[in-house]
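Colleague: Once you've had a glance at the structure underneath, I'll fire off some questions.
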Amino acid sequence: MKSTILLLLLALVFTACQEVEGIDMSQLSAEEKKAVESLLWLKDADPNKRAVQALEKGDKRLMAMASRATTLPGIEPALLSKAKSICGIRYLEGSTDTVYGQTHLKLIQHASEYAAAYNRIVIEKCMDR
């Protein structure tokens, strides 16, 4: 009886370790798991709060998505070149142009939405020089 309970507890612990932030990590390849883990910080991140904090520190850099051609979500195409040179950029942690699976793709899309919200706040202050 004790050994059965112990086995059940171990199974529960193992299952819990495989699920991170509502994502079943046990179903992911090693590459996708690593890529997903690099974006998990977004789950509770507030782009509005982070933008205000950055501006309070004097950091007016825009958030870019790392890809073959750097993208600045939320920035009008006509302003891209000027915004990059005036504001500067920094890359969103965990962004990449390589997609390792559906879970990773959803997180990249969420990251792009996060960056767009962040950039819409920062661009107003940066271009307001």
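Every number here is computed from the coordinates shown, using simple stated rules; none is lab data. Computed from a predicted structure; not experimentally measured. Glycine also receives a Cβ, built like all others from the backbone with ideal geometry; neighbour counts cover every protein chain displayed.
Colleague: List, in order, the whole-Hz ³J(HN,Hα) value for each residue of segment 56-73 obtained from phi through the Karplus relation with A = 6.51, B = -1.76, C = 1.60 and θ = phi - 60°; use x for Gly and Pro.
Modeller: Coupling constants for segment 56-73: 4, 8, x, 8, 9, 5, 8, 8, 10, 9, 6, 7, 4, 10, 4, 10, 10, x Hz.
Colleague: Would you grab the residues whose amide H sits under 5 Å from the one on THR71? Only those 5+ places off in sequence or on another chain, please, with H modelled 1.01 Å from N.
Modeller: MET65
Colleague: Between SER85 and SER26, what length comes free when the chain is fully extended (0.36 nm per residue of separation minus the Cα-Cα distance, one decimal in nm)?
Modeller: Between SER85 and SER26, full extension yields an extra 16.9 nm.
Colleague: Turning to a different aspect of this structure: Lysine pairs in segment 51-129 8 or more apart or on different chains: how many have alpha carbons under 25 angstrom apart?
Modeller: Close lysine pairs under the 25 Å cut-off: 8.
Colleague: Any idea what the relative contact order of segment 23-129 is, in percent, if you count C-alpha pairs under 8 Å spaced at least 6 apart?
Modeller: With pairs under 8 Å counted, the relative contact order is 41 percent.
Colleague: Please give, to one decimal in nm, the separation of the simple spin-label points placed at ARG68 and ARG50, each 7 Å out from Cα toward the Cβ.
Modeller: If labels sit at ARG68 and ARG50, their model points lie 2.6 nm apart.
Colleague: Moving to a separate point now. Putting +1 on Lys and Arg Cβ atoms and -1 on Asp and Glu Cβ atoms, find which of ALA116, GLN102, TYR91 reaches farthest to the positive end of the dipole of segment 68-129.
Modeller: TYR91
Colleague: List every residue whose amide H lies under 5 Å from the amide H of TYR91, counting only residues 5 or more places away in sequence or on a different chain, with H placed 1.01 Å from N in the peptide plane.
Modeller: Sorted by chain and number, the residues that satisfy this are ALA64.
Colleague: A follow-up question, please. Across segment 45-129, how large is the tail of the calculated P(r) beyond 19 Å, expressed as a percent of all Cα pairs?
Modeller: The calculated P(r) of segment 45-129 puts 33 percent of pairs beyond 19 Å.
Colleague: State the extension gain, in nm to one decimal, for the chain segment bounded by GLN102 and LYS34, taking 0.36 nm per residue of separation less the distance between their alpha-carbons.
Modeller: In short, 23.1 nm is gained.
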